[in-house]
Every structure is written in structure tokens, then in C-alpha cells.
Amino acid sequence: MKRTAIFFGPEKGSVNRVADMICALIGTDKVEMVPVKSATAADFERFDQIIFGISTVGKETWDGKPAKTDWGIFLPEVSKGNFAGKKVAIFGLGDHITYAASFVDFIGLLAGELKKADATLYGQVPVEGYEFEESEAVADGLFAGLPIDEDFEPEKTPERIKNWIALLQRDFDF
Ligand SMILES: Cc1cc2nc3c(=O)[nH]c(=O)nc-3n(C[C@H](O)[C@H](O)[C@H](O)COP(=O)(O)O)c2cc1C
């Protein structure tokens, strides 16, 4: 069986809650939950399939230098990672009303770092069905991962996750 992990951060908020939902759908016995807060690049080695969970928070300050958040600290580990032969996907929390002009930007930021590290990304989601103005996560009409808005459309989350797991299952082996 393929070894699967969800690397997520921060803990206790919306990312954590959605990570738990994804874990439950795949099967809690099949997935290891790894808070990025206590992980390093060496932890990638233990898995064949990695799902990353991130939120876009405090982008203004990141444009200068990464904040001292869980992800701000962990991001350099992604650059050090060896993703050869691994399957990787991203889900990202955002707020499409208050932050319509930077909706889930950190999905794009993380996807960029993963691509630089030669990771192969899966689970790109069409922009149809989402309302926003701009997003650094979008290229050619696709988000680089799964956007979730628990602030303004939490009712859509279960269906979005279910569809996304089905999409991943074309390539991932759960
Ligand atoms: C200070 C702050 C800045 C935010 N900036 C953005 C943003 O630029 N784009 C976006 O889509 N969401 C933005 N959000 C919304 C969060 O991404 C959203 O609330 C998310 O669910 C937070 O998840 P977490 O509590 O697990 O970190 C921001 C939220 C806060 C509090």
C-alpha cells in the first residue's frame, strides 16, 4: 500500500478541520496527519503520496519576508524536499469575499515552491464554481489545488472535498 500523509498547518483552525475531513474521507487508517510545525524535509521521505494543507493569511507581510507562522517557518523545508517518484497535491483555505483580490494565493506560492523542487502536482481544480477577482493560484483556468472557503461558503466544503478526493483517486492509490 502507498504511504500517504497530509502535511498541514496551522493547527486547530480551518485548515486543521478540513485536513481532518479529508483524512476521514480517505480513511483514518490510510493517512498520517503531519503538522508542518513539527516537520522537516526528512519527513517527506516516509511517504509516497503527500497532500499539503495551507491557508492564505498575512500575505502583505510575506511579500517582504515570510512570517513566523507554521508555514512561514516550514516553507524552506519544501524547497529542500526530494519529491522524485512522489505524488503531491495541495488544498488551501481562503476567503473569497474579504480577500477576493488575493484568493487562496498561498496555494500558488506553495505550488511554485513545489515545482521548483521538481514535484509532480495533481488535483488541479477548474475556476468554475468559484467567485473571486484575482488569485496567484490560477493558471490556464485551473487552481493549482483545491480552494476551500470555510468563512463564507462552508456549506460547499463537503461536496468540494468529495469531488477532489475522486479526482485524486485517478492518480493516487488510497
Ligand atoms: C489577517 C488575515 C489575512 C488573510 N488574507 C487572505 C488572503 O489574502 N486571501 C485569502 O483567500 N484569504 C485570506 N484570509 C482568510 C483565511 O485564509 C481563512 O480565514 C482561512 O480559513 C484561515 O484558516 P486557518 O485558521 O486554518 O489559518 C486572511 C485571514 C486573515 C485573518
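Since every read-out is calculated from the coordinates, none of them should be taken as a lab result. What you see is a predicted model, and the numbers here were worked out from it, not measured in a lab. A quick note on method: Cβ atoms are made from the backbone with ideal geometry, for glycine too, and the neighbour counts reach across all protein chains shown.
Note on the stretch 45-174: Cα Rg divided by 2.2 N^0.38 Å, N the number of residues, gives 1.02. Here the label points at residue 115 and residue 134, each 7 Å from Cα along the C-beta direction, are separated by 1.8 nm in the simple model. The largest-to-smallest principal axis extents of the Cα set in the stretch 1-117 are 41, 29, 22 Å.
Bridging of residue 116 to lysines at a Cα separation below 28 Å is possible for 2, 37, 59, 65, 68, 80, 86, 87, once same-chain residues fewer than 8 apart are set aside.
Cα centroids of the stretch 68-95 and the stretch 28-45: how far apart, whole angstrom? Result: 11 Å between the Cα centres.
Here the stretch 39-82 was treated as a single set of alpha-carbon atoms; its pair distances binned every 5 Å from 0 give 5, 18, 29, 21, 15, 8, 2 percent.
Since only 172, 144, 9 are under comparison, the one whose Cα sits farthest along the positive direction of the charge dipole of the chain, derived from C-beta charges on Lys, Arg, Asp and Glu, is 172.
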